[in-house]
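As structure tokens, the structure follows; a few thoughts come after it.
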Amino acid sequence: MPKTPPVAERRAHLSEHHGVTLNDDYAWLKDENWQDVMRDPSVLQADIREYLEAENAYTETCMAPLQGLKETLFDEMKARIKEDDSSVPSSDGPYAYYQKYVTGGQHPHYCRTPGEAAKAEQVLFDGDAEADGHAFFKLATIEHSPDHKVLAYATDTNGSEILTIRFRDIASGDDLGDVIEGVSGALEWANDSKTIFYTELDDNHRPCSVKRHILGEGADQDVEVYHEDDSGFFVGVGKTESRRYILVQAHDHQTSEVHLIDADAPHSSPRLVEKREPELEYEVAHHGDRFLILTNADGAEDFKIMTAPQSAPGRENWKDSIPHIPGCLILGLQVFKEYWARIERFEGLPRIIVTEFSSGEAHEISFDEEAYSLGMNGGFEFEEPQIFVLIHDDTQPGF
């Protein structure tokens with residue numbers, strides 16, 4: 001094993017930017033075809049690979065005396081983690097879905113049971129079995145179809161974060177022939193259980209477009225329904241809690257724009273909610289004949305909630321529902337048939353406010369802890385809602 005560190009060769013590399021000439025002696029360490037390397041690491045240039053492997057070998061030599069300590073630290077940290085953990089089952093029609101980890105495993109198992117009963121468990125996707133034989137494996141996304149017959153899942157098997165979507169027939173456990181490569185992992189089912197929308201990556205690893213795929217058709221037949229031309233913006237897909245609309249979301253760090261696709265008519269064209277405006281941020285939720293919009297419009301630095309009619313959701317029709325209160329930051333909202341909930345931070349602590357649509361009456365979900373972190377996530381059901389609250393007592397030590 002090497003006892004001295006490798007020394008990278010200097011190779012002059014001149015480039016000019018804004019009239020200034022720069023020299024980078026180590027530019028050769030970036031493969032000009034890095035996009036291809038991300039997809040297939042085996043095509044990395046031989047001289048770059050040789051140098052990187054020499055660096056790794058030297059690191060192993062330096063760290064060898066600490067191997068026992070590394071194992072001790074790992075075992076101590078692992079002992080503080082509940083290995084056989086699972087998420088709370090979330091009801092969706094005839095099934096309750098959840099993820100779990102098993103003792104000794106490293107990857108999630110996606111499961112379901114009939115109703116909320118903790119019996120007759122069906123393992124739909126065994127992450128540990130799927131990872132077998134791969135030096136790297138990550139399950140990035142998994143979503144069951146609305147009819148509960150097919151799983152769509154996205155995986156990464158080389159660490160590139162360039163994902164592949166596959167589909168699994170739940171009854172047989174066999175994968176279908178559909179394979180979609182070069183995606184970011186975001187996907188949503190239309191309500192027909194045969195159409196999905198997903199985001200595609202460009203050559204610079206940016207999610208730049210949304211495509212529509214029909215089960216049984218080749219990926220080369222997929223139709224682009226939205227393309228983002230601004231390289232500073234990223235594209236995502238989502239779905240309203242009502243399951244009425246597919247959300248096509250374009251955003252940077254200060255500006256956002258949302259388009260809607262009817263989830264019952266997946267071949268329809270996206271409909272713009274409000275054209276992007278610098279530093280205008282907004283998110284859209286659907287309820288009945290209206291939209292609820294979380295936004296910083298009109299100088300609402302800490303955000304407010306507005307409503308707009310479903311038939312005309314543009315900004316000229318936005319009306320205040322929860323006005324802006326300086327110092328009370330609204331972080332997000334979840335909408336259900338009879339109620340809606342918002343999470344906000346007030347006087348340094350997060351809180352959840354639940355409001356009844358029919359009466360407008362609201363109540364706060366309170367906690368006794370002096371300091372805590374709080375998160376909120378909705379389940380699958382719209383008419384019989386579940387709100388999953390994650391709370392952590394920040395005054396207690398732990399990992």
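We did not get these values from a lab; they are worked out from the coordinates using the rules stated. The structure presented is a predicted model; accordingly, all values stated were derived computationally and were not measured. Positions of Cβ are backbone-derived with ideal geometry, glycine not excepted, and every protein chain shown enters the neighbour counts.
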Problem set entry | Rg in Å to one decimal, and Dmax rounded to a whole Å, for region 81-155 via C-alpha atoms | 12.6, 37
Problem set entry | Column: log10 I(q)/I(0), Debye, Cα scatterers of the chain, q = 0.13 Å⁻¹ | -1.33
Exercise. From the cross-link list LYS194/LYS239; LYS211/LYS239; LYS100/LYS149; LYS100/LYS138; LYS30/LYS138, which pairs have alpha carbons spaced over 22 Å apart?
Worked result: LYS30/LYS138
Exercise. To the nearest 20 debye, what is the magnitude of the charge dipole of region 26-144 about its Cα centre, counting +1 on the Cβ of each Lys and Arg and -1 on the Cβ of each Asp and Glu?
Worked result: 420
For this session: Show which lysines lie in cross-link reach of LYS319 when reach means a straight Cα distance below 20 angstrom and same-chain residues fewer than eight apart are skipped.
Result: LYS275, LYS304
For this session: Give the long-range amide H neighbours of ASP192: residues separated by 5 or more places, or on another chain, with amide H under 5 Å away, using H modelled in the peptide plane at 1.01 Å from N.
Result: none
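Rounded to the nearest 500 deg cm²/dmol, what is the calculated helix-only ellipticity per residue at 222 nm for the chain, with -39500 (n - 2.57) per DSSP H run of length n ≥ 4?
-3000 deg cm²/dmol
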Exercise. With charges only on Cβ, +1 for K and R and -1 for D and E, what is the dipole size of the chain about its Cα centre, in debye, rounded to 20?
Worked result: 340
Problem set entry | Over region 14-76: Rg over Rh, Cα atoms, Kirkwood Rh | 1.21
For this session: List, in order, the whole-Hz ³J(HN,Hα) value for each residue of region 328-335 obtained from phi through the Karplus relation with A = 6.51, B = -1.76, C = 1.60 and θ = phi - 60°; use x for Gly and Pro.
Result: 10, 8, 7, 9, x, 8, 10, 10
For this session: Quick one: which residues, 5 or more positions from VAL225 or on another chain, have an amide H under 5 Å from its amide H? H modelled 1.01 Å from N in the peptide plane, none for Pro or chain starts.
Result: VAL210, LYS211, ARG212
Seminar exercise, completed: Computed about the Cα centre, the charge dipole of region 14-76 from +1 Lys/Arg and -1 Asp/Glu charges at the Cβ has a magnitude in debye, to the nearest 20, of 60
Exercise. Got a sec to turn the phi values of region 64-70 into Karplus ³J(HN,Hα) couplings, 6.51 cos²θ - 1.76 cosθ + 1.60 with θ = phi - 60°, whole Hz, x for Gly and Pro?
Worked result: 4, x, 9, 4, x, 5, 4
For this session: Would you kindly derive the ³J(HN,Hα) couplings of region 270-276 from the backbone phi angles with the Karplus curve 6.51 cos²θ - 1.76 cosθ + 1.60 (θ = phi - 60°), listing them in order in whole Hz, with x for Gly and Pro?
Result: x, 10, 6, 7, 8, 4, 4
Exercise. Cα to Cα, under 22 Å, and not fewer than 8 places away if on the same chain: which lysines meet these conditions relative to LYS3?
Worked result: LYS70
